[in-house]
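What follows is a single structure, written as C-alpha cells, with notes after it.
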Amino acid sequence: MMLAHRLARQLAHPKGLPGRLLGNAIDVVNRKPTRLAVDLLAPCPGEAVIDAGCGTGAAMAELLARADCRVTGADASATMLEAARQRLGPRASYLEAKLEDISLPDAAFDAVLALNVLYFESKDHAMLRRMRGLLKTGGRLVAYVTDRQSMENWSFAREGFHRLFDKETLCAALADAGFAQARIEVHEVAITRSVTGLLARAWRS
C-alpha cells in the first residue's frame, strides 16, 4: 500500500530522479493515447497549441512532427519541464505552473492538448475552465483519460489523488466548464485488451 501511495504522489507531481524515470515509463505506456489524441487534435501549420501537463514533451514532439505549429508546454513539475526542454530545446516554449493558474493571456491558443491530467481536476473544474479561457473562439480542446472501470483495478488510483471518469462524467465536466455542449464528443478507445481510454474533443463557442 505504501508503494501505491508513493506512486500516486509521483504521478500527481513528479519530482527528482524517481519522477524523471516515471515520466520516461509513462511515455512508453502512453504512446497509443498520445498518437490518438494528436490525430484527433489535427494540428495545422501556424496554429498556437498548448500542451497542458506536458510531462517530458513527448506529445509536443508528436505535434511538431505533424505540423509547423507554435507549441507551449505547461506543467507544474520542474522535473518534467526540464525533461521537455532537453528533448525539444528552443522548438517550444515552456511554463512552470499549476494548470488552473496558467498566467498567459486569454484567447491565446487555437488548441489545448490535455493528456492524463484531468485526474487532478477540482470539483469546481478550475483546470478545465482555465483551459477553455486560453482558447480562442472556435478553438478546441482534446483530452485523454483512462476510463474509470480500467483505473479502478489499479491500486495507486485508490489512494485519493486521482479523480476517475466514465464517458458520462467526462462529458458533464466539459459542459460544466463552459465548453459548447452541442460540440462535446467523448470516444471510448481500446488501449490494450484490458484498458479502455476516453478521448474527448470540445470546442469554445
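Structure values in brief
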| item | result |
| --- | --- |
| Failed condition for residue 62, given (1) surrounded by 19 or more Cβ atoms within 10 Å (Cβ to Cβ); (2) free of Cβ contacts under 8 Å to residues at least 24 places away in the same chain; (3) of a type in the set (Asp, Glu) | (2) |
| Selected residue (criterion: surrounded by the fewest Cβ atoms within 10 Å (Cβ to Cβ)) from residues of the range 155-178 that are modelled with pLDDT under 95 and not in a helix (DSSP H, G or I) | 160 |
| Tabulated pairs, the range 15-37, first closer than 21 Å to residue 114 by Cβ, second charged (D, E, K, R) and assigned to a helix (DSSP H, G or I), C-beta under 6 angstrom, 6+ apart or interchain | 34/62 |
| Hits in the range 185-202 - residues which are of a type in the set (Val, Ile, Thr) and assigned to a strand (DSSP E or B) | 186, 189, 196 |
| Near pairs, Cβ below 7 angstrom, 6+ apart or cross-chain, from the range 178-193 (in contact (Cβ under 8 Å) with a residue 40 or more places away in the chain) to any residue that is in a helix (DSSP H, G or I) and not charged (D, E, K, R) | 189/36; 191/33 |
| Selection status of residue 78, touching a Lys or Arg at 6+ places or on another chain (Cβ under 9 Å) and either within 25 Å of residue 153 (Cα to Cα) or aliphatic (A, V, I, L, M) (or both) | yes |
| Number of the exception - residue 93 against (1) among the hydroxyl-bearing types (Ser, Thr, Tyr); (2) farther than 20 Å from residue 32 by Cβ; (3) in contact with a helix residue (DSSP H, G or I) (Cβ under 9 Å, 6 or more places away or on another chain) | (3) |
| Hey, residue 99 crowded, with 16+ Cβ neighbours inside 10 Å, under 13 Å from the mean Cα position of the chain (by Cα) and under 23 Å from residue 188 (Cβ atoms) or not | no |
| Set 110, 124: member being at pLDDT below 95, charged (D, E, K, R), more than 10 Å from residue 52 (Cα to Cα) and not in a helix (DSSP H, G or I) | 124 |
| Lone unmet requirement of (1) under 21 Å from residue 100 (Cβ atoms); (2) part of a helix (DSSP H, G or I) for residue 182 | (1) |
| Residues that are farther than 16 Å from residue 140 by Cβ and surrounded by 16 or more Cβ atoms within 10 Å (Cβ to Cβ), drawn from the range 184-197 | 189, 191, 195, 196, 197 |
| Residue in the range 19-42 that is surrounded by fewer than 14 Cβ atoms within 10 Å (Cβ to Cβ), modelled with pLDDT under 75 and at negative phi present | yes |
| Test result for residue 120, surrounded by 18 or more Cβ atoms within 10 Å (Cβ to Cβ), in contact (Cβ under 8 Å) with a residue 24 or more places away in the chain and over 23 Å from residue 26 (Cα atoms) | no |
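Quick grid of which residues meet (1) touching a helix residue (DSSP H, G or I) at 6+ places or on another chain (Cβ under 7 Å); (2) of a type in the set (Ser, Thr, Tyr); (3) closer than 26 Å to residue 153 by Cβ:
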{"position": "9", "(1), (2), (3)": "no, no, yes"}
{"position": "24", "(1), (2), (3)": "no, no, yes"}
{"position": "27", "(1), (2), (3)": "yes, no, yes"}
{"position": "33", "(1), (2), (3)": "no, no, yes"}
{"position": "44", "(1), (2), (3)": "no, no, no"}
{"position": "71", "(1), (2), (3)": "yes, no, no"}
{"position": "104", "(1), (2), (3)": "yes, no, no"}
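The values are calculated or read from the model by the stated rules, or taken from the named source; none is laboratory data. In this text the structure is predicted, and so the values were computed from the model without any measurement. Cβ atoms come from the backbone with ideal geometry, glycine included; neighbour counts cover every protein chain shown.
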